[in-house]
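The values are calculated or read from the model by the stated rules, or taken from the named source; none is laboratory data. Given the structure is predicted, the values throughout are model-derived calculations rather than measurements. For neighbour counting, all protein chains shown are included, and Cβ atoms are generated from backbone atoms with ideal geometry for every residue, glycine included. The accessibility values were calculated without ligands, DNA or RNA, using every heavy atom of the protein model including side chains. Shrake-Rupley method; radii C 1.70, N 1.55, O 1.52, S 1.80 Å.
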Amino acid sequence: MEFTKEMIKNGFALKLKSLYSKDLKNASDIQKYIAFSNLIRDYMSEGWFETNQQYKDKKVKQVYYLSMEFLIGKLLEKNLINLGISDLAKEALEDMGMDLDLLIKVEPDAGLGNGGLGRLAACFMDSLAALGLPGHGCGIRYKYGMFRQEIKDGYQVEMPDPWLKEPYPWEVRKENRSIKIRFGGTAYMKEVGNELEAVHENYYTVKAVPYDIPLSGYLNKTVNTLRLWSSEADTDEFDFQNFNSGNYLQSVEGKYTAELISQVLYPDDSTENGRQLRLKQEYFFVSASLQSILNYHREVKVDFKHLDDYVAIHINDTHPALAVAELMRILMDEDELNWKEAWDVTTKVCAYTNHTIMAEALEKWPASGFKRLLPRLFMIIEEINRRFCQEIIARHGDWDRVGRMSIIENGMVKMANLAIVGSHSVNGVAALHTEILKTKELKDFNDFYPGKFNNKTNGITHRRWLIKSNRALTNLIIDCIGDSWVRNPKDLEKMMIFKKDKDVLSKIEDIKRENKVKLAKYIFDKKEIVVDPDSIFDIHVKRIHGYKRQLLNCLHILYLYKKLKNDKNFDIYPRTFIFSAKAAPAYVFAKKIIKLINTLGDLINNDPEVNDKIKVVFIDNYNVSKAEKIIPAADVSEQISTASKEASGTGNMKFMMNGAITLATLDGANIEIKELVGDENIIIFGLTSEEVLKFYSSHKYNSVNFLKENQEIAELVETLVDGTLGVSITEFGEIYKELTEKNDYYFVLKDFKEYVKAQEKIEKLYKNKDKWAKKCLVNIAMSGHFSSDNTIAKYAQEIWNIKGEKIGE
Ligand code: 26V
């Protein structure tokens, strides 16, 4: 489609009229945003139609990425960039006396995810479409996404996020594609002639209604689909009967319980809390997705014995692992494949990604409740397991091994084991993580299935994390090396020839400073804290978790504060420590860390003896849009997890792409960043993963003894509970305990000295502006390797076996 300014202007005015009977003068901002987004969605509809048509006509193999979370953020600007009309749209609106940025601002940030895992899914969707790959997302349309965080008196307070309060212009409800999902009842096998037939009866059904969101590719005609399922009462069934018999209240209750399923995203990204509804959510969206995928392929008349020629199902973490059993169910119970045929094709279709080795995040369900909720699936899983265990015994004759590998063990259904057994590929998300899976956590499985395990290091879409979020840097790069990198992100490496170019280096510095000024202004507007854009912006943003060690950062700040207070000769280069992060509502320790950060902020920012040297800022309600504001302003990227614990990290890549220097442990993808930029362009410190794992297995680390031998650190730890911080001495008792009685599980104390040294190194390097800018440039130049385009190309080739499809050709 050829776009013109006139077309946009007329189209917009028309939309306002048709949707709201309003013109520009009397429409509200939100109405303008909705009308304008509606117009942009119309522009995508031709591509959307053609894409679907072509996939169908040519029966191309398509991948369906099943994920509990899609942290897609705002879509308007992304879609404008992908259509290639962001400048045109801006000018068109300007002609009408309007500011495009205002419309962008009022769009709700779709926070249908917790953190890295959900954002990765969103980056992957962007890359699939950009590469013209036939791939779609399947997930849940949560009525309430990730909670909105408010800070009151330094504490996190969770507020609901009613992101669907206003109509969401990017989605299309497809009522006619609704699916029925069965829960409860009883299941058994019945003899029919010579065959056994599965019977599932006395179940109740919930209706799954799909809402489709178009996913545009970058300057191509591909528009894939993100299909999110919403749960509704199935009014054809029990509800209707109740209604008829006058039992109105019960029918309303039915509606309520059905709607509950897709009501809210679980805000715990790893802890064990409140999971009753979770299994229901998982089956709900897995069953809806698989039924709809198979309905489609039945319509296009695919031979299900060769389903793997047409379909790949990706299991994003264990949350959709039920896909294995659900696919078996449909193939056998509805399409009459026998067990062997169904199993053969299921394992060829499914692939699984593991995103964590944190034991508490590995899902297990009590078998009894599982059986009650999903009796037919439970039967299938028992049979999968029976056959699997038989094979283990046949091969190894080792019952211990059976115990470790069994899908059902000790009355629990282990989702990771189900996903591994039912998939042809299991991948980790960074080289180290995959290595740990293969040699430690999942060693039995790796021995049993040689070749099944592989690595796919995570990536990020450079279209959002550079082009969209850092326009000035994007323009500078294009001035320097042209724009081939936009399609081939590794071409960013061409920037390396400017390593010694004073002019380019100083432009990089200017852009960084400009971004810092903008963030400083934002911080002042929101928090009334004045921060100096010429100080080092040292940024730690990610979910709060013990292993991510925000506490290590806090202790370092406290250390600087004490030194500045007590030692008149101590001087440092001014620093602004910026944090932004949500804590799981039930994770008490994490919430205390937020209070600690804010307490440090109050203490330090208001103390004239230190506040020209250090400032501490906590930015509320971290989400995708905040990340886009914060990351381009970073000088230092804090990636300081306890080695072995952070599977990959993706924030690390976003910072690098925006020219921050990574301060990191040898964990997750930090290791790969180091290999790319070289030792002189990253600051590494701390225990290695081997050392950490050795300490765990040998029990040789004792934090109380450690504190006895390290007086200075011991004194520092005491300040948490001696009143120095100006709050009750019990306030941080939990944190104190964590470091002492609980033996400092994440090695905060053990790594402290090295962290301080690493921070001193940062300071020294920063003072040499030219050298620092050169390091920034190297980081930017090498960051293209972490574009999710590369990651997705590997998934496509090595796991899914799907090919790019040029739409309209
Ligand atoms: C687990 C649970 C369990 C309780 C209910 C809610 C919930 C939500 C999410 C999770 C999964 C946690 C795993 C996770 O997010 N892993 C992160 O994945 C990123 C993308 O691969 C990776 O960069 C991070 O290092 C890894 O921590």
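Numbers below:
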read-out: Geometric extent, Cα atoms of region 653-809 - Rg, Dmax (angstrom); value: 21.4, 72
read-out: Residues whose placed amide H lies under 5 Å from that of residue 64, excluding near-sequence neighbours; value: 136, 312, 313, 314
read-out: Proximal charge balance of residue 379 [Cβ under 14 Å; K/R count +1, D/E count -1]; value: +2
read-out: Amide H within-cut-off set for residue 413, under 5 Å, with H built and near neighbours excluded; value: 365, 367
read-out: Sequence-separation-based contact order of the chain, relative, with Cα cut under 8 Å and 6+ spacing, percent; value: 14
read-out: Length added when fully stretched, residue 166-residue 53, from 0.36 nm per residue minus Cα-Cα; value: 37.6 nm
read-out: Carbon and sulfur %, accessible surface of region 481-527 computed with the full protein complex present, 1.4 Å; value: 52
read-out: Length added when fully stretched, residue 753-residue 400, from 0.36 nm per residue minus Cα-Cα; value: 122.9 nm
read-out: Rg and Dmax of region 42-137, Cα atoms only, in Å; value: 15.8, 47
read-out: For region 296-384, alpha-carbon Rg relative to the globular expectation (2.2 N^0.38 Å, N residues); value: 1.18
read-out: Phi to ³J(HN,Hα) by Karplus 6.51 cos²θ - 1.76 cosθ + 1.60 over region 565-571, Hz, x for Gly, Pro; value: 6, 9, 10, 5, 8, 7, 9
read-out: Intensity falloff of the chain expressed as log10 I(q)/I(0), Debye formula with alpha-carbon point scatterers, at q = 0.05, 0.10 Å⁻¹; value: -0.27, -1.12
read-out: Per-residue HN-Hα couplings for region 126-138 [Karplus 6.51, -1.76, 1.60; θ = phi - 60°; Hz; x = Gly/Pro]; value: 5, 6, 4, 5, 4, 8, x, 8, x, x, 10, x, 10
read-out: Rounded to whole Hz, the Karplus (6.51, -1.76, 1.60) HN-Hα couplings of region 435-452, x for glycine and proline; value: 4, 5, 4, 5, 9, 10, 4, 10, 4, 4, 5, 5, 5, 6, 10, x, x, 6
read-out: DSSP beta bridges in the chain [antiparallel fraction, %, rounded to 5]; value: 45
read-out: Accessible carbon and sulfur surface of region 653-758 relative to its total accessible area, %, 1.4 Å; value: 50
read-out: Extension gain from residue 449 to residue 45, taking 0.36 nm per residue of separation minus the Cα-Cα distance; value: 141.0 nm
read-out: Estimated FRET transfer efficiency (residue 390, residue 259; beta-carbon r; R0 45 Å; 0.05); value: 0.60
read-out: Whole-number percent relative contact order across region 675-809, with pairs defined as alpha carbons under 8 Å at least 6 apart; value: 29
read-out: q = 0.26, 0.28 Å⁻¹: log10 I(q)/I(0) that the Debye formula gives for region 646-716, counting C-alpha atoms only; value: -1.07, -1.18
read-out: The chain: calculated mean residue ellipticity at 222 nm from DSSP helix runs of at least 4, using -39500 (n - 2.57); value: -14000 deg cm²/dmol
read-out: R0 of 60 Å, Cβ-Cβ distance residue 21-residue 368: FRET efficiency to nearest 0.05; value: 0.60
read-out: Cα point-scatterer Debye curve for region 611-658, base-10 log of I(q)/I(0) at q = 0.17, 0.22, 0.29 Å⁻¹; value: -0.65, -0.97, -1.18
read-out: Whole-number accessible area per residue in Å² for the chain, which is evaluated in the context of all protein chains at 1.4 Å; value: 40
read-out: Heavy-atom accessible area ranking, 1.4 Å probe, most first, across 355, 424, 462; value: 424, 355, 462
read-out: Rounded percent of accessible protein surface that carbon and sulfur make up, region 354-466, 1.4 Å probe; value: 52
read-out: Contact order normalised by residue count of region 403-477, Cα under 8 Å, 6+ apart, percent; value: 26
